[in-house]
Amino acid sequence: MTALFGTPDIAIGMKGSVSRVRLFDGPLDLSWRHCATTSDFIADLFALRFQSSRNDYMEVRHSIGYLVNELIENAVKFRAPGEIVVEASMDSECFKLKVSNDVDGEIASEFQSLLADITVGDPKDLLIQRIEANAANPDVGSSGLGLLTLMSDYGARLAWIFSPADENDRICLETYASIPISPTHN
């Protein structure tokens, strides 16, 4: 059964020119260094059009890099063995990202429970509540702080689609994100 969390209209798909990167599982194993390297590459690639203004370039590069890194880190941390596919596009108003990977059924259930909590209500209020809860109980596992920070501080719109994968107890997870790109000078 397919389940959707978050902002439905951004989960329609990627339109226009899409850049795609595949992170393959293999002898080197996917690790944290792949997240930073991949997010830096994508941020540089999409921020290039703003290079005429150093401030705009740095702002756009930072926002894209933070978003991409957060979502790839989540995919690496919680994925079932297999590849991660990252698709990105940008128009004059926003940067769009889709990260696809498989997760096992238990991880999918836990993540859906977290999403049910963090996708209702004001992201700024939820972020403060989660920070306070984490301070009171530092042993909490997945808190959603990164996702709430994206929504609260970066204006990210997020959506997640969970659907059955081909293999037993594996779920295909597609994470969609959109952040506004509004440099100070055009």
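Observations on the structure shown:
- Efficiency of FRET between residue 20 and residue 91 - r from beta-carbon atoms, R0 25 angstrom, step 0.05: 0.90
- Computed lengthening from residue 52 to residue 83, 0.36 nm per intervening residue step minus Cα-Cα distance: 7.6 nm
- Compared with the direct C-alpha span, the chain from residue 116 to residue 40 gains 24.3 nm at full extension, assuming 0.36 nm per residue.
- Shape box of segment 69-186 [Cα atoms, principal axes, largest first, Å]: 50, 38, 21
- Ranked by the mean number of other Cβ atoms within 10 Å of their residues, highest first, the peptides 148-157, 85-94 fall in the order 148-157, 85-94.
- Relative contact order of the chain, defined on C-alpha pairs under 8 angstrom at six or more residues apart (%): 31 percent
- Extension gain for residue 163-residue 135 works out to 6.7 nm (0.36 nm per residue, less the C-alpha to C-alpha distance).
- Cα-Cα P(r), segment 1-158, percent of pairs per 10 Å interval: 9, 35, 38, 15, 1
- Considering only 99, 21, 68, the mean-square fluctuation computed in a Gaussian network model of the chain, springs between alpha carbons under 10 angstrom, is largest for 21.
- Rounded FRET efficiency, nearest 0.05, which uses the C-beta distance separating residue 73 from residue 12 and R0 of 25 Å: 0.50
- Each peptide in 4-11, 174-181, 131-138 was scored by the mean count of other Cβ atoms within 10 Å over its residues; highest first, the order is 174-181, 4-11, 131-138.
- Span-rule helices in the chain, defined as complete DSSP H runs reaching 27 Å or more along the axis (Cα) with Kyte mean at least -0.5: 54-78
Every read-out reported here was derived from the displayed coordinates using simple, explicitly stated rules and does not represent laboratory data. Quantities reported herein were computed from a predicted structural model and do not represent experimental measurements. Every residue, glycine as well, gets a Cβ built from its backbone with ideal geometry; the counts of neighbours run over all protein chains shown.
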